[in-house]
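S.K.: Structure incoming, see below.
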Amino acid sequence: MPKYKAKLHTGVPLIEVATPLLLDTLMSNPRTAPLILTRLDDRTAIVAPGKIDELLERLKKLGQLPKVL
Amino acid sequence: MGVRFENYFTRLTAPLIADMAKCWGIDKGYSQSQFKNAITRALKDPQQIQRLIAGLQPYERLALEIAKSQGGQVSTSILATTLQLLEVEHPFKVQYNSDSDFAQALIRRGIFIPEVRSNTLYYNPNYDLLMSDERILAQVGEAKFPQILLKTTSSPDTSSYRPAASVVFSILGFMQAIADLGGVKLTKSGTPQVNSFRKLMKAQRWEETGTLIDGFWFPQPTEGMAAAFNAASVLIPNDDESILVLANPVEVFANRPYLTQVGQILSGFTVVSNWAEWSPSGWINVERYIEARQTLLQVLKLLPLDTQDWYSLDDLEKFLFERIGDRFSLVGNLPSPLQFKKFVDQPELAQRWREERQKDWQNREKQWLRQALATWLYLLGIVELGLTRSAPTLPTTKKKSPESLPPNQTDAIVSFRLTELGRALLHPELALHLVEMTPQPAWIVQPNFEILVYLDQVAPSQIVFLDRYAERIDLQQHTAQYRLTRESVYQGLERGSSLEEFIDLLRTGAKVALPQNVEIDIRQWGGLREQITLRRHTQIVEFSDSQIMQAAMAKGLKGKILGDRFILLEANTPLTDSWVEQRINYDRPLASCLSVNEIGEVKTQEVADLLLETQLKRWMEPRGKNWALTQASVTQAIRSGNKVNDILEFLEERLNHSLPQLLKVALTAWSGRAPSVEMEEIIVLRCINAEVFTAIAKSKKLRSHFAGQLAPDILLVKRSQLQKLKQDLEWLGIPVEQLTIQD
């Protein structure tokens, strides 16, 4: 049986956006950038743990209406 | 579970049990246990129970019927008041302490037992509350009370009532507001938190002191509604009793028939203990207010049903005074004066007492009666209120409505009658048919995003729908107004439905086509929601390279590929344990893997989480395998929008020791919040000869030259006193030399 050893990251808060440009913009905006940490691909990044609600409020102030799952 | 007398024998006195046994045909000469056994046996025999009931006096039988109608338990005071209201004679009517005597007489007749306080080990009967055995109640018929024939009155100038749909609209709106707030938080003592009530009040657009409902003053509506919902078990404490939450979701409650919904809240209002319709002093006698509400409901229930006639408030008040005015009062039951000999001998004394009593009644019970009709009985659509155009000049201490509100019409109430809803609620046995609304076109969406809702056409499920997606802005007797906003639509969609479902329901509930601009904007708002998704808790599998990831997917691992070596697992996807070599849970504190010295040099241990490297890069400069916090790196991070607290929190979480204080000062200063420090050159006097040093330091003459002692052989010299000190030292014969302190 082949071995697929991997690391499982659980409870990871994520932000997913529709376009890479939008994530670039959010990661360079001083209001949202501090709360967005590791980028996993061009449209997905890990949010600072425990900071989803803070990021949600900041995004709403920027005129966004994020879907929260 | 019904009551069975044998479970309570141990808490009854021997004489009471003996008297009870006598009613069941067991007379003297038996032991206590024989009495108990005999009663227990008799209660198992329906024929014996029927024989006992057949031998009861009319008032005793009625007492059982009333108890049955209230679920087996009845307040002695309410029982006595009800009998008096119905003009049913009983021998305890005019005796002092008559309620207690009355209760004990019913117990001795073998048909009731007193409620016993269950938290006490000793005999502690409570004659205020009586309970009957379920097997006795099973043999008792339904209570058949005589009608109350109040004098009818002419139709009023105008009238006001709330249709069933409006009532349900209010109930569901209050429930939705509670749901939106996540419940009503409780203090440690179990009372609702003031702040929680304020939020609820704000959501309902009510004022703290009260609100006008169709022009009728409703005092402290947040407290009243919450108390009634709680008493009706619509609002219940959560497991740790820290918050009152809805017992059922709003949509579940909304799907029940109107009568069930309103009836449940009505049952709550009749027993609320921490709210009053009106109080002359702010203090309320809880039991008397509950008795008053139940008596008033009883009167309404006994009004003729086959008529649409109106009854005057004055006649109702007079009727109640005539029937129960000599025993009932909101501030406490009155000892009847009729028992006193002087009242019997001198009828004019009794007349004077009654006149005084009537004056009190006018100022107190009548005011309450008016407010009871204008508050919960009107709110719940049970009565239609008749109004006069010229308000009577009745004395009132009721709080006036705020100037910003329309005039308070409560004082204009002159008459009332039961509504269709009221009849159906008070007479469930008649199974009156109420028209229940089913979803249909019931509103008009206007180009300014406001929705005009016709309450006589809207179904409860549609009210729940509107409450989810729009803000309530106004409620009239027959219409309600909502407003669609970006935020309200967003919040509605966030509760779990799709944009298309929302637009479809909005369209099918509308009487005319949706304005084009409204639909365009709603679609734009919905579209914005597709731009960004925040996921609170996800599971991500990290592979060492792309090839292994692809191989795992070929073997059935499902999820969304992120980059070239991550897979975002679908919700609830189990992962074969044998694949997982390490688990990292981001809900828990991550590994403390850093150490740092005072000058910001950071050493790291190898960790598996996906955050550390990003955070190190964000705040530090790489130094070979290690990292360093520098003024430049911290300043750069601050410029990018980070806050000094972010780095302090990060270090606190990830350091395996406490943060050096000096570095904390540096980080704070580098972030632009430099502390204030002052520096100054000072003059000191040093003398290594201890005897001489002490002589100088303790000298009254020299003391004023020094600011303090810095060390066992060093004194701090006041700069302004330097010359004087030199002169004094020269006078002492001590040559002064320039001092140098050596390490």
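S.K.: Which number in (1) buried (at least 19 other Cβ atoms within 10 Å of the Cβ); (2) not in a helix (DSSP H, G or I) marks the one condition that B:L466 misses?
M.R.: (2)
S.K.: Here are the criteria: (1) more than 30 Å from A:R31 (Cα to Cα); (2) free of Cβ contacts under 8 Å to residues at least 12 places away in the same chain; (3) of a type in the set (A, V, I, L, M). Tell me which single one B:I688 does not satisfy.
M.R.: Every condition holds for B:I688 apart from (2).
S.K.: Okay, next question. Quick one: count up the residues across the stretch B:393-428 that are farther than 19 Å from B:D309 by Cα, modelled with pLDDT of 80 or more and out of contact with any strand residue (DSSP E or B) (no Cβ under 8 Å at 6 or more places or on another chain).
M.R.: Total meeting the criteria: 2.
S.K.: If you don't mind, another one. Read through the list (1) exposed (fewer than 12 other Cβ atoms within 10 Å of the Cβ); (2) away from chain A (no Cβ under 14 Å), then give the number of the only condition that B:R639 fails.
M.R.: Among (1) exposed (fewer than 12 other Cβ atoms within 10 Å of the Cβ); (2) away from chain A (no Cβ under 14 Å), the lone unmet condition for B:R639 is (2).
S.K.: Working only within the stretch B:603-613, note down all residues that are β-branched (V, I, T) and either within 13 Å of B:Y586 (Cβ to Cβ) or surrounded by 18 or more Cβ atoms within 10 Å (Cβ to Cβ) (or both).
M.R.: Once the filter is applied, which keeps residues that are β-branched (V, I, T) and either within 13 Å of B:Y586 (Cβ to Cβ) or surrounded by 18 or more Cβ atoms within 10 Å (Cβ to Cβ) (or both), the stretch B:603-613 yields only B:V607.
So that you can scan it fast, the table gives a plain yes or no per residue for (1) buried (at least 19 other Cβ atoms within 10 Å of the Cβ); (2) under 20 Å from B:I178 (Cβ atoms); (3) at pLDDT below 90:
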position: B:L235; (1), (2), (3): yes, yes, no
position: B:T260; (1), (2), (3): no, yes, no
position: B:E277; (1), (2), (3): yes, no, no
position: B:A292; (1), (2), (3): yes, no, no
position: B:K301; (1), (2), (3): no, no, no
position: B:D314; (1), (2), (3): no, no, no
position: B:E322; (1), (2), (3): no, no, no
position: B:F328; (1), (2), (3): yes, no, yes
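S.K.: Right, next: Take B:S189 and decide whether it is in contact (Cβ under 8 Å) with a residue 40 or more places away in the chain and either assigned to a strand (DSSP E or B) or not charged (D, E, K, R) (or both).
M.R.: So B:S189 fails the test.
S.K.: Let me ask something additional. When the residues of the stretch B:590-635 are filtered to those that are under 26 Å from A:H9 (Cα atoms) and part of a helix (DSSP H, G or I), which remaining residue is nearest to the other protein chains (Cβ to nearest Cβ)?
M.R.: Filtering first and then ranking leaves B:T614.
S.K.: Select the helices (runs of 4 or more DSSP H) contained entirely in the stretch B:32-115, then report the ones holding at least 1 residues which are buried (at least 18 other Cβ atoms within 10 Å of the Cβ) and among the aromatic types (F, W, Y).
M.R.: Hits in the stretch B:32-115: B:32-43, B:58-69, B:98-108.
S.K.: Would you mind listing the helices (runs of 4 or more DSSP H) fully within the stretch B:636-712 where at least 2 residues are out of contact with any Ser or Thr (no Cβ under 9 Å at 6 or more places or on another chain) and under 30 Å from B:E613 (Cα atoms)?
M.R.: B:644-654, B:661-670
S.K.: Out of B:I532, B:I540, B:I548, I need the residue that is in contact (Cβ under 8 Å) with a residue 24 or more places away in the chain and over 30 Å from B:Q440 (Cα atoms). Which one?
M.R.: B:I540 is the lone residue from the list that is in contact (Cβ under 8 Å) with a residue 24 or more places away in the chain and over 30 Å from B:Q440 (Cα atoms).
S.K.: With the condition kept exactly as written, say whether any residue in the stretch B:607-614 is under 25 Å from B:A674 (Cα atoms), at pLDDT 90 or above and not assigned by TED's automatic domain parsing to the domain that holds B:F566.
M.R.: no
S.K.: Report yes if some residue within the stretch B:482-495 is at pLDDT 95 or above, surrounded by 17 or more Cβ atoms within 10 Å (Cβ to Cβ), assigned to a strand (DSSP E or B) and out of contact with any Gly (no Cβ under 7 Å at 6 or more places or on another chain); otherwise report no.
M.R.: Yes, some residue in the stretch B:482-495 is at pLDDT 95 or above, surrounded by 17 or more Cβ atoms within 10 Å (Cβ to Cβ), assigned to a strand (DSSP E or B) and out of contact with any Gly (no Cβ under 7 Å at 6 or more places or on another chain).
S.K.: I would also like to ask the following. Would you please name the residue that is farthest from B:S196 (Cα to Cα), looking only at residues in the stretch B:211-240 that are among the charged types (D, E, K, R) and outside any helix (DSSP H, G or I)?
M.R.: Checking each candidate, the answer is B:D214.
S.K.: Search the stretch B:51-80 for residues that are at positive phi and pair each with any residue that is among the polar types (S, T, N, Q) when their beta-carbon atoms are under 8 Å apart and the residues are at least 6 apart or on different chains.
M.R.: Close Cβ pairs (under 8 Å, with a partner that is among the polar types (S, T, N, Q)) amount to B:G72/B:S132.
S.K.: Would you call B:G559 crowded, with 18+ Cβ neighbours inside 10 Å, small (G, A, S), within 13 Å of chain A (Cβ to nearest Cβ) and closer than 21 Å to A:I15 by Cβ?
M.R.: It is true that B:G559 is crowded, with 18+ Cβ neighbours inside 10 Å, small (G, A, S), within 13 Å of chain A (Cβ to nearest Cβ) and closer than 21 Å to A:I15 by Cβ.
S.K.: When you scan the stretch B:122-135, do you find a residue that is closer than 30 Å to B:A80 by Cα and assigned to a helix (DSSP H, G or I), even just one?
M.R.: Yes, some residue in the stretch B:122-135 is closer than 30 Å to B:A80 by Cα and assigned to a helix (DSSP H, G or I).
S.K.: Restricting to the stretch B:46-75, what's the tally of residues that are more than 44 Å from the chain's Cα centre (by Cα) and either outside the structural domain of B:N126 (by TED's automatic domain parsing) or among the hydrophobic types (A, V, I, L, M, F, W, C) (or both)?
M.R.: Result for the stretch B:46-75: 5.
For (1) modelled with pLDDT of 90 or more; (2) facing chain A (nearest Cβ under 9 Å); (3) outside any strand (DSSP E or B), each residue gets a yes or a no:
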position: B:R535; (1), (2), (3): yes, yes, no
position: B:I540; (1), (2), (3): yes, yes, no
position: B:M549; (1), (2), (3): no, yes, yes
position: B:M553; (1), (2), (3): no, no, yes
position: B:I567; (1), (2), (3): yes, yes, no
position: B:N572; (1), (2), (3): no, no, yes
position: B:L575; (1), (2), (3): no, yes, yes
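S.K.: Does any residue of the stretch A:44-56 turn out to be buried (at least 16 other Cβ atoms within 10 Å of the Cβ), in contact with a Gly (Cβ under 9 Å, 6 or more places away or on another chain) and farther than 22 Å from B:R495 by Cα?
M.R.: yes
S.K.: Let me ask another. Considering each of B:K724, B:K701 in turn, give the residue that is surrounded by fewer than 14 Cβ atoms within 10 Å (Cβ to Cβ) and in contact with an Asp or Glu (Cβ under 8 Å, 6 or more places away or on another chain).
M.R.: B:K701
S.K.: Among residues belonging to the stretch B:279-290 that are aliphatic (A, V, I, L, M) and either in a loop (DSSP other than H, G, I, E, B) or modelled with pLDDT of 90 or more (or both), point out the one that is farthest from B:V383 (Cα to Cα).
M.R.: Only one residue fits best here, namely B:I284.
S.K.: Let me ask something additional. Restricting to the stretch B:7-45, give me the number of residues that are charged (D, E, K, R) and either outside the structural domain of B:F112 (by TED's automatic domain parsing) or farther than 20 Å from B:R135 by Cβ (or both).
M.R.: Residues that pass the stated criteria total 2.
The values are calculated or read from the model by the stated rules, or taken from the named source; none is laboratory data. Remember, it's a predicted structure, so these values are computed and weren't measured experimentally. Every residue, glycine as well, gets a Cβ built from its backbone with ideal geometry; the counts of neighbours run over all protein chains shown.
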